[in-house]
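Written below as structure tokens is the structure these notes are about.
The values are calculated or read from the model by the stated rules, or taken from the named source; none is laboratory data. Quick caveat: nothing in here was measured; it's all calculated off a predicted structure. Here the Cβ positions follow ideal geometry from the backbone for every residue, glycine too, while neighbour counts run over all protein chains shown. All accessible areas refer to the heavy atoms of the entire protein, side chains included, with ligands and DNA or RNA removed. Shrake-Rupley method; radii C 1.70, N 1.55, O 1.52, S 1.80 Å.
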Amino acid sequence: MMKTSRRGFLALGTVATAAAGLAACSGGGSSTTADGKPIVKVQVVKDSRTAKMSELGWTKSLEEAAGCSIQWLETPSASWDQQKKASLAAGDVADITIGGFGSGDMADFGSLFMDLKPELGSLPNVQAMFDAEPYAQVVSTTTDGKILGTPSVAGSITARSSNHMFINKQWLDNLGLEVPTTWAELETVLEAFKDGDPTGTGAAVIPLDFNAPGTDGFGLFNPNLLLSSRGITVSSGALGMYAQDGVVKNYLTDPAYKELIVFLRRLWEKGLISEEAFTHDWSAYTSTAKGDGDVAKVGVTWMWTPSDIFGSTLGPQYVTIPALQAEAGQREKTVWTYNGDDLAYLANRAVVSANPTNKEATLAVVDAFYSADMTVQMRYGAFDTCVTRNGDNDYTVLEPADSTKNASDWQFTNSLADGAPGWIRPDMVLNLPPEHTEYREVDAVYDDDYANIDLNQDVLYANMPTTPEQSRTLSKNATGINQNAMSKFAQWITQGGVEDEWDDYVASLEANNLAESIAVQQEIYDAYKAQMDELGVDLNSLSQ
């Protein structure tokens, strides 16, 4: 049976390394080594935990597979944004870039990147992936039919959502309570957590916490996920867009959103939400959840897996909560947030310069990413050190050789993890440490909620390409919509006022062209669905 690791969640910063990066990209020099091997420059945007590429054993294997010498240009994720802008503005990109460019860059700077569609004859591994998993081709195709990047595909080993809701079961047991099934029951449980000394130590606790919503929209592990209680499948998008029966809608002006704000305001007034929920950074959010030794601090929150947010010591205290009903006996069927398409088919992991110095060698490197052996090593680490190759298409990922690191940190130290381009084949035998498989039991809790979602009609997909005009329109409208919506969300929960200000708020979003953005998003969605239909993609079958 196939198993997986989590997708990394990286905090982005603005450290400026643009000048050095551009110098490295365009730096001139010979196009071959002294012994005549072609040189391929590969820009990799990587996690800060990852060792230097030259220290990773699998990079030598990659060079051998492609018959070239690779010059690695390495940039931490926190430093990439400014460097990317300068690189695009200068029209200067490396032969290959891993994890650096997205669909928006393709829309605005497509001429800088090679259309790989005519080159598929030189990319047999990529072509085999597209043939076996046509959705991989859908996420890789631009609005004008080009393939400007190749994806990371791991559909058989990923969850349906990055977001899962957890509650401290040990606290419930200590207080004689059950796992809540409605918002009202959740409120009662949170009150008991606050007043009932659930740890038995007399220590103050945080009944409910969440990742602070951004000023530019909702992200992962935010309380907008409770909209699933009203049948809204929250997408990865930040602007409140979602799809229902093939129609794009927006929940920022929906009565269900107002209802959620009223509920959260009541929890805030009762002191049931962390006072720092809207101000803490990622580090503070995750470190607080890890408690104090074996004493937990947080009762309920959202994350990928319990061990990810609470740590290996406290993680076993928590269980997953299925989607709550907003009210007992409601007519709406509950659903759950879905970004499984993005987790399983991460677009544009590798993009190629329109004018690589050594085209044949560059394409050979890209194709090597998608061999079974290289895919596993780029994702988990080198053979012998991190992975045992049991045979063709059969691998065992080893426990960390460094006892001071957990499985996730060890993976990110030795590989590009799930940020790597590659193809985990559906028939691959891949045995992983337990920390990498924890998500399966967590995700299965939402089976009944997902049964109420048609993944071909009720999902606003993550990797939908846009035309330059569509991108400009959405970007132009987003500033006013986001600033208004997100400031009001925090204000209404912490200070109140939603009932008196709701109508004016809705009018302000309409004045900032929300309807136009919804219409443009519908155009994008329809075009994407047409590609899915053309290639016979059925996401419902992929999720089984």
Fill in the blank from the handout: Picked from region 398-409 (must be among the hydrophobic types (A, V, I, L, M, F, W, C) and farther than 23 Å from residue 99 by Cα), the residue surrounded by the most Cβ atoms within 10 Å (Cβ to Cβ) is 398
Exercise for the section: Please specify each residue of region 249-306 satisfying the condition of being among the aromatic types (Phe, Trp, Tyr) and part of a helix (DSSP H, G or I). Expected result: 251, 257, 263, 268, 282, 285
Fill in the blank from the handout: When residue 125 is run through (1) in a helix (DSSP H, G or I); (2) open to solvent by 10 Å² or more (accessible area, probe 1.4 Å); (3) within 20 Å of residue 537 (Cβ to Cβ), the failure sits at (3)
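This table checks each residue for (1) within 23 Å of the chain's Cα centre (by Cα); (2) farther than 21 Å from residue 174 by Cβ; (3) outside any loop (DSSP other than H, G, I, E, B); (4) without any contact (Cβ under 8 Å) to a residue 12 or more places away in the chain.
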position	(1), (2), (3), (4)
308	yes, yes, yes, no
328	no, yes, no, no
331	no, yes, no, yes
335	yes, yes, no, no
Exercise for the section: Restrict the check to region 2-16 and report whether at least one residue is more than 27 Å from the chain's Cα centre (by Cα) and either surrounded by 22 or more Cβ atoms within 10 Å (Cβ to Cβ) or at pLDDT below 95 (or both). Expected result: no
Exercise for the section: Consider residue 377 carefully, then state whether it is in contact (Cβ under 8 Å) with a residue 60 or more places away in the chain, within 25 Å of residue 126 (Cβ to Cβ), surrounded by 21 or more Cβ atoms within 10 Å (Cβ to Cβ) and in contact with a His (Cβ under 9 Å, 6 or more places away or on another chain). Expected result: no
Practice task
Might you let me know whether region 410-420 holds any residue that is surrounded by 22 or more Cβ atoms within 10 Å (Cβ to Cβ), touching a residue at least 40 places away in the same chain (Cβ under 8 Å), in a loop (DSSP other than H, G, I, E, B) and among the hydrophobic types (A, V, I, L, M, F, W, C)?
Solution key: yes
Completion exercise
Within region 178-206, of all residues that are outside any loop (DSSP other than H, G, I, E, B) and of a type in the set (Gly, Ala, Ser), the one least open to solvent (accessible area, probe 1.4 Å) is 192
Handout entry: So residue 368, is it within 30 Å of residue 30 (Cα to Cα) and out of contact with any strand residue (DSSP E or B) (no Cβ under 9 Å at 6 or more places or on another chain)
Key = yes
Exercise for the section: Among the candidates 227, 175, 220, single out the residue that is closer than 17 Å to residue 323 by Cα and either in contact (Cβ under 8 Å) with a residue 40 or more places away in the chain or open to solvent by 10 Å² or more (accessible area, probe 1.4 Å) (or both). Expected result: 220
